[in-house]
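For reference, the structure discussed in these notes is given below.
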Amino acid sequence: MPTHNTRHSGYISYIIIALSGILYVLAGYYVPRYESAVLLSVYFILFGGFMALYYLLKTDIKTGVFAAIAFRLLLLFSIPALSDDFFRFIWDGRLLASGINPFGEVPEFYSIRGFGIPGIDRSLYANLNFTGHYTMYPPVAQFTGWVAALLATNSIFWSVLVMRIFIIAADIGSIILIQKLFEVYKVKKDRVLLYALNPLVILELTGNLHHEAFVIFFILLAILLLNQRKLLKSAIAFGLAVSSKLIPLIFLPLLISRLGIKRAVVYGLAVAGVTLILFIPFINEQLVHAFTSSGSLYFQKFEFNASVYYLIREVGYRVKGYNIIQSAGPWLAVSTIMAIGLFAALEWKRKMKLPEVFMWVLLIYVSFTTTLHPWYIVPVLAFSVFTSYRFPLVWSMMIFLTYTGYSADGFSENLYLIFGEYIVVFGYMLYELIVYNRSTQWKQNPVSGSC
C-alpha cells in the first residue's frame, strides 16, 4: 500500500511533468533563439525540473519514460527554432526525390541556373546556410529527407513532421536499447532517465531534428548485437551509424582488442561494405570532392564553442597577429587521430565497457574540434549513463549558454561564457577522476563476456 510520502512525491512529480510540458511547448513553438534571456530561463527551469524528476521517479521509471516520450510528442508539430540545418535536409531530399544527386552541385548552382525542380525554389534557398558548399549529410540522413519530399514536396511544415517522426522513433529506440544494455552491464535502471528526460536531448534531437538520434540508436544496437556475438548484424548496425554521420568511424580501432585482429578486420570490412552499399545511389565524380571540401570547410573555416582550439587560436593571435585556423585545423584533426590511437593502446588490456570507451573517445574528438554545437555532445551524454561519470550531465546544462551568442542581427560569441563553460565541465571531470579515482573501474566494471 502506497505510503503518504510516496503519494506526496507522486503528486509533485505530476505537477513538474505538467509544468515541464508547458515549458517544452513554449520553447518549441514560441521562443526564437535570439531571445536569449527567455530561452535560457526556460531551459534552466526545464533542467531543474528534469533533475527533480530523476530523483523523484527513481522507483517509478515507467512514469519517467512515458513523460519523456510525451515531451517529445509535444514538439511533433513545431518548426525547429534553434537550428536552420533542417532546411538543407529538406533541400537535399527534394533533389533526391526528383532524381538529382544532392552531392552533384552546390545550392548556388540552382540559384544561378534557375530552379524549376519541385519544391526547390527561391524561398527555400533563402533559408539555407552555406549555399556555396556541398552537402555533408550521409545516406541515412538523405533517406529521411527523401521520404519527406515524397510525402510533402511543397510544404516545410509537413516535411519537418515526417523527418521528426523518424527522429522520435530512433530516440525512443535508444531509450529501449539503453535499458536492454543496462541488463548486460548491470547498471542501475533509473539512469535511463538521465538520457530520456534530459532537455538537451529532447530539444536538440526531437526539437531541432539533428541526426545524432540515428547515430546513438545504431551504435547502441551494434553494441547490443556485439554482446550477443552477432557480429554481422552488429556490423550492419554500425554501418548504418556511419551512414548517419561519419563520426562513428573513430570507434573502430577500439574493437581490435575485443575481437582480435582478424575478426576486427572482417567486422571493419563489413561496416565498410554496408556504408558503400548505402552510398551507391550517390556515387559520382563529385562525391569525394564534396566530402573533402566539406571536411576542409569544417576544420579550416568553422569555429564555434571550441576548447583546445580557442586556446591555440589565442596564441596564434599573439604570435602571428591573425587567425591561424587554416593551419591549426588540420593539425588538430591529426592530433585527434593520434590521441585516439594512444587511448586505444592504453586501453588495450583494461577493456572498459564499450559505451564507456566510446564516451572517452568522443570526448577526445569534441575537445579537439574547432566547432562544437550543443547537439554534438548528446552521444557523449548517452554513453555516459553506463558509467558513474556525471560531467557530461553538467555539460548538457552548461553548453546551452552558447545560444546567448545569437541576436536578431546575427551571431557573436561571448568568450567569457565559453571559458566559464569549460572551466566548470572540465573542472568537474577532473574532480570525478581525481577525488573518486574512478579509473579503477576499468578493472571492476566489465561484465564477464561483455564488450
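Since every read-out is calculated from the coordinates, none of them should be taken as a lab result. None of the values given here were measured: they were computed from a predicted structure. With ideal geometry, Cβ positions are generated from the backbone for all residues, glycine too; neighbour counts draw on all protein chains shown.
Which value, in debye to the nearest 20, describes the size of the charge dipole of the chain about its Cα centre when Lys and Arg Cβ atoms bear +1, Asp and Glu Cβ atoms bear -1, and nothing else is charged?
Charge dipole, the chain, about its Cα centre: 1740 debye, nearest 20.
Check every DSSP H run in the chain and write down those whose alpha carbon atoms cover 27 angstrom or more along the long axis and whose mean Kyte-Doolittle hydropathy is 0.0 or greater.
4-29, 36-56, 156-185, 325-346, 415-435
Based on the mean of other beta carbon atoms within 10 Å per residue, what is the order of 276-288, 390-402, 99-111, most packed first?
My ranking of the peptides, most packed first, is 390-402, 99-111, 276-288.
So what is the 222 nm mean residue ellipticity for the chain from helices alone, if each DSSP H run of at least 4 adds -39500 (n - 2.57) and you divide by all residues, rounding to the nearest 500 deg cm²/dmol?
-20500 deg cm²/dmol
Mind running the shape call on the range 140-256? Use the C-alpha gyration tensor, a ≥ b ≥ c as the square roots of the eigenvalues: rounded below 1.5 for a/c, prolate if a/b tops b/c, oblate otherwise. Can you show the working numbers first?
Numbers: a/c = 2.45, a/b = 1.46, b/c = 1.67.
Cα axes put the range 140-256 in the oblate bin.
Taking the Cα-to-Cβ direction at PHE157 and at VAL319 and moving 7 Å from each Cα, how far apart do the two end points lie in nm?
Label at PHE157, label at VAL319, 5.5 nm between them.
In nm, give the distance between the simple-model label positions of PHE44 and SER388, each being 7 Å from the Cα along the Cα-to-Cβ direction.
3.1
May I ask for the distance between the Cα centers of the range 104-120 and the range 13-35, given as a whole number of Å?
38
If I stretch the segment between LYS188 and MET51 completely, what's the gain in nm (0.36 nm per residue apart, minus their alpha carbon distance), one decimal?
47.7 nm
Given 20 Å bins starting at zero, what is the percent of C-alpha pairs of the chain in each, up to the one with the largest pair distance?
In order of increasing distance, the bins hold 23, 59, 17, 0 percent.
Just to be sure I understand the model, the point goes 7 Å from the Cα along the line to the Cβ. What's the resulting VAL265 to PHE109 distance in nm?
3.9
Using the crude model of +1 on Lys and Arg Cβ and -1 on Asp and Glu Cβ, and no other charge, please compute the dipole size for the range 140-220 relative to its Cα centre, in debye to 20.
260
Taking the highest mean first, how do the peptides 310-322, 64-76, 21-33 order by number of other beta carbon atoms within 10 angstrom per residue?
In decreasing order of mean packing, 310-322, 64-76, 21-33 become 64-76, 21-33, 310-322.
So, by mean Cβ neighbours within 10 angstrom, what's the order for 341-353, 404-416 with the highest one leading?
341-353, 404-416
How much net charge surrounds ALA152 when only other residues with a Cβ under 15 Å from its Cβ are counted (Lys, Arg +1; Asp, Glu -1)? Can you show the working numbers first?
Working: positive: ARG94, ARG164; negative: ASP92, ASP121.
For residues surrounding ALA152, the net value is 0.
Could you list log10 I(q)/I(0) for the range 37-135 at q = 0.10 Å⁻¹, which the Debye formula gives when each Cα is one point scatterer?
At q = 0.10 Å⁻¹ the computed log10 ratios are -0.49.
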